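Asker: Next up is a structure, given as structure tokens.
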Amino acid sequence: MQSKSVIMCSLEFLKIDLKGLKEEETSLEFNLDDAFFEALDAAEVRKGSLHVSVSIRKATGFFEFLFHTAGTITIPCDRCLDDMEQAVDSDNRLIVKLGSGNSEEDDIIVVDEDEGVLDMAWFIYEFVVLAIPIRHVHAPGKCNPAMTKALEELSADRSSDEESDQPTDPRWDKLRELKIKN
């Protein structure tokens, strides 16, 4: 019996000790790959290659984080469900304060003052997910041909069903009339 070795990615390097920041401005850079997404075990994005630049400005009473994320991620195509690469390029801002307990309120992240550590991993992931277009499909002609054919057949069957002589609910007829007008 063979056993698979699992490579675990530690995300400790994405934890920032806020109380340990000595400079007024700190710049950090990270290259994140498939291991980052696997470690988060999130549903939307499982693979990718990203470069993240973080600028941290220490001010009186708060920290301002500016994130720039660029690279590609692998997500399923909405049309054929095969994996596709999606470019990501986003700029995001995060305000962090030290306080009692951890919380998020009005776009301000409060980190427990006793701990003083901000884990940026999930925030970076959320920024990436927010950068994904609502509709993501392959370029024309790049979708899985078998799935495209099946979709065309189903669309043709559905169109022929709509043209049948069977009576329909009059409410649907009114909606079709509106659709035709627009």
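The values are calculated or read from the model by the stated rules, or taken from the named source; none is laboratory data. Quick caveat, the model's predicted, so the values are computed rather than measured. Methodologically, a virtual Cβ is constructed for each residue, glycine included, from the backbone with ideal geometry; neighbour enumeration extends over all protein chains shown. What goes into the accessible areas is simple: the full protein's heavy atoms, side chains included, and nothing from ligands, DNA or RNA. Shrake-Rupley method; radii C 1.70, N 1.55, O 1.52, S 1.80 Å.
Asker: For n ≥ 4 DSSP H runs only, could you compute -39500 (n - 2.57) per run for the chain, divide by its residues and tell me the 222 nm figure to the nearest 500?
Answerer: Numbers: 4 runs with 48 residues, N = 182.
About -8000 deg cm²/dmol.
Asker: If every alpha-carbon in the chain counts as one equal scatterer, what log10 I(q)/I(0) does Debye give at q = 0.09 1/Å?
Answerer: Normalising to I(0) and taking log10 leaves -0.54.
Asker: A further question on this structure: Would you mind putting 45-52, 74-81 in packing order, based on average other-beta-carbon counts within 10 Å, highest first? Present the calculation step by step, with values, prior to reporting the outcome.
Answerer: On the way: 45-52: 17.8, 74-81: 15.8.
Result, highest mean first: 45-52, 74-81.
Asker: To continue, here is another question. Rolling a 1.4 angstrom probe over the protein heavy atoms, how many square angstrom per residue are accessible across the chain?
Answerer: Values: 12890 Å² over 182 residues.
It amounts to 71 Å² per residue over the chain.
Asker: Report the antiparallel proportion of the DSSP beta bridges in region 81-138 as a percent, rounded to a multiple of 5. Spell out each step's value before the answer.
Answerer: Numbers: 3 of 8 bridges.
Approximately 40 percent, going by the DSSP bridge assignments.
Asker: Along each principal axis of its Cα atoms, how long is region 61-141 end to end? Whole angstroms, biggest number first, please.
Answerer: For region 61-141, the Cα extents along the three principal axes come out at 55, 19, 19 Å.
Asker: For a 26 Å ceiling on Cα separation, which of these pairs sit above it: Lys15/Lys47; Lys19/Lys47; Lys47/Lys142? Walk me through the numbers before you get to the answer.
Answerer: Numbers: Lys15/Lys47 21 Å; Lys19/Lys47 33 Å; Lys47/Lys142 20 Å.
Over 26 Å Cα-Cα: Lys19/Lys47.
Asker: Would you work out the charge dipole size for the chain about its Cα centre, treating the Cβ of every Lys and Arg as +1 and the Cβ of every Asp and Glu as -1, and quote it to the nearest 20 debye? Write out the running numbers ahead of the final one.
Answerer: Values: 20 positive and 38 negative charges, 85 e Å.
Dipole about the Cα centre, nearest 20: 400 debye.
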